[in-house]
Amino acid sequence: MIIDIDKLPKDGLKVSRNFDFPSIDLIEEDAVFLQPVHGELTIKRIGEEVMVKGRITTYLSLVCSRCLAPFEFAVDSRFDLVFLPEDIHEMKDELEDEDLDKIFYKSHHLDLREVILEQLNLTFPSKPLCSERCEGICAVCGQVRHGGNCGCLVKEPEGRLGKLKYFMKDKS
Ligand SMILES: [Zn+2]
Ligand SMILES: [Zn+2]
């Protein structure tokens, strides 16, 4: 969905629709779309700046980094972005430092799909977990541990307290 900057209505363009992407466009290798991305967006031009504000929601399937099982991941992301025309980019010297991390649009057009995909890719956790309490895979039998029910005895390394006891014994 390409937005023509010059044709934006004065009080902004409201977009409410679904966007379909192939899962291969996602930055996370094992991520799969479970439904299209729904976007509620407002695109508004103020002078040369184009504001894109809105919310995207969808469901993805991710793979847990501990137990390697797929799990459902809900995306609900809000953003508020400012785009500047690309020709400003060429006059970099005149830009303020804070403008340098702004995003630019090319030849009066803005690809809304690209914007949404980028925002979506920013929502991924660095280590996806099916649950905060996921115990991962048993180092002995390779089964997924759920409360240690695989039956293997995994020896805990001796804690600090144990070492301290020995240390105190030596002293006396
Ligand atoms: Zn897990
Ligand atoms: Zn085990």
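The values are calculated or read from the model by the stated rules, or taken from the named source; none is laboratory data. Just so it is clear, the model here is predicted, and its values are computed rather than measured. In this analysis, Cβ positions are derived from the backbone assuming ideal geometry, glycine residues included, and neighbour counts consider all displayed protein chains.
Counting the residues of the range 107-122 that are in contact with a strand residue (DSSP E or B) (Cβ under 7 Å, 6 or more places away or on another chain) and surrounded by fewer than 17 Cβ atoms within 10 Å (Cβ to Cβ) gives 4.
Here is a yes/no grid of residues against (1) within 16 Å of ligand 2 (Cβ to nearest atom); (2) of a type in the set (D, E, K, R); (3) within 25 Å of Phe124 (Cβ to Cβ):
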position	(1), (2), (3)
Ser16	no, no, yes
Glu29	no, yes, yes
Leu34	no, no, yes
Thr57	no, no, yes
Leu68	yes, no, yes
Val75	no, no, yes
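The residues of the range 37-65 that are surrounded by 14 or more Cβ atoms within 10 Å (Cβ to Cβ), part of a loop (DSSP other than H, G, I, E, B) and either out of contact with any strand residue (DSSP E or B) (no Cβ under 7 Å at 6 or more places or on another chain) or without any contact (Cβ under 8 Å) to a residue 60 or more places away in the chain (or both) amount to a single one, Ser65. Just to be sure, is Val75 surrounded by 15 or more Cβ atoms within 10 Å (Cβ to Cβ), at pLDDT 90 or above and assigned to a helix (DSSP H, G or I)? Answer is no for this residue. In the range 124-140, how many residues are away from ligand 1 (no atom under 14 Å from the Cβ) and surrounded by 11 or more Cβ atoms within 10 Å (Cβ to Cβ)? Of the residues in that region, 2 qualify.
Those residues that are out of contact with any Pro (no Cβ under 9 Å at 6 or more places or on another chain), surrounded by fewer than 16 Cβ atoms within 10 Å (Cβ to Cβ) and hydrophobic (A, V, I, L, M, F, W, C), I need them from the range 16-36; list them, please. Within the range 16-36, Ile24, Ile27, Leu34 qualify. Taking Tyr59, is it in contact with a Phe, Trp or Tyr (Cβ under 8 Å, 6 or more places away or on another chain) and modelled with pLDDT of 95 or more? Here the answer is yes, as Tyr59 does meet what is asked.
The combined condition, being at pLDDT below 85 and either among the aromatic types (Phe, Trp, Tyr) or part of a loop (DSSP other than H, G, I, E, B) (or both), is not fulfilled by Phe124.
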